[in-house]
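So the structure is just underneath, and the comments pick up after that.
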């Protein structure tokens, strides 16, 4: 096991009611935050985190970001009744069954669902049909072309996830971001990945958005115990998504099949053989991606294979996006952003901004 993983290695499975804690204090944990807690104590702290954000900022709306993943499901179940509506970013690249799961859960719980869509489609990004809208290359050069590898993840994240969330924020607060703010409730946890361990915070204010992560301190043992406590385990024919009773914790069947939500399949950090795995369970989704591969190849685009590092790309140490828990950067490789600067695709100031974002 690498030293990185040893730093945050978790204890083994815990008996119900026993306290658990990460083996090392996360760099951004507040004083007293890194402490052993039982599940009930972790739950109490989660409510305290949201209460603190509501008391600190002029909040005009609280929104649960539902990805369809397991951690996201735990968060929504725990915070049910404490958010105003559900947000789901339908990137257009994911498995439709996950989006349907989000719709079904929102309907079952009587929640208002805002399904957000990117302005520029994944297909148009891959085929190079999205032109720069600002700077010296506005209307001239594509912001991206080909299937992304690690370097292209930042571009995909910005267009497919970040832009829809920023558009929704503007629809709520307009130009009153100094006096009005909204909360985005996310399921980020220190125990998820090395990047989350280093960078996640319980409350992170960014302009008019206050990112709140009520589960940030939960360990994997806490998550397992919560699922055991609230999910239906009766030996009977379960209702869809295991919503067998009103207070049941839902289950996205996609996560049982491919061990991730599948809500975004941009492919930037795909594992070898991942598309075949997706195709085994969800052949229509895989067929859609393979059809796009054919279109990219016909158009003469070198990066015409989903999930494969583009032939001109040497890699990236850039971090994954704020909402991409399973995307892991590949260390020790050069950044294509330097090539964009050298070729004039971006200005030196834009290059500096990218570099600051990745640091």
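The numbers here are math on the coordinates, done by the rules we state, and not lab data. Quick caveat: nothing in here was measured; it's all calculated off a predicted structure. Cβ atoms come from the backbone with ideal geometry, glycine included; neighbour counts cover every protein chain shown.
Here are some notes:
- Mean Cβ neighbour count within 10 Å, used as a protection proxy, ranking 201-211, 181-191 highest first: 181-191, 201-211
- For residue 31 and residue 236, the difference between the fully extended length at 0.36 nm per residue and the C-alpha to C-alpha distance is 69.2 nm.
- Region 70-117: relative contact order as a whole-number percent, Cα under 8 Å and 6+ apart: 49
- Whether region 52-189 is rounded, prolate or oblate, judged on the alpha carbon gyration tensor where a/c under 1.5 counts as rounded: oblate
- Residue 295-residue 107 FRET efficiency (beta carbon distance; Förster radius 45 Å; 0.05 resolution): 0.80
- Cα→Cβ-extended label distance, 7 Å offset, between residue 176 and residue 117, nm: 2.9
- By the count of neighbouring beta-carbon atoms within 10 Å, fewest first, 121, 67, 213 end up ordered 121, 213, 67.
- Contact order for region 1-160, expressed relative to its length and based on alpha carbon pairs under 8 Å spaced 6+ residues apart, stands at 13 percent.
- Euclidean distance of C-alpha centroids, region 175-246 and region 22-74, integer Å: 8
- Potential lengthening between residue 224 and residue 55 on full extension [0.36 nm per residue; Cα-Cα distance subtracted]: 57.8 nm
- Each peptide in 70-82, 276-288 receives the mean, over its residues, of other Cβ atoms within 10 Å, and ordering these scores from highest gives 70-82, 276-288.
- Per-peptide packing, taken as the mean over residues of other Cβ atoms within 10 Å, places 239-246, 31-38 in the sequence 239-246, 31-38 from highest down.
- Fewest-first ranking of 259, 236, 222, 117, using other Cβ atoms within 10 Å as the exposure measure: 236, 259, 117, 222
- Full-extension gain in nm, residue 284 to residue 41, via 0.36 nm per residue minus C-alpha separation: 83.1 nm
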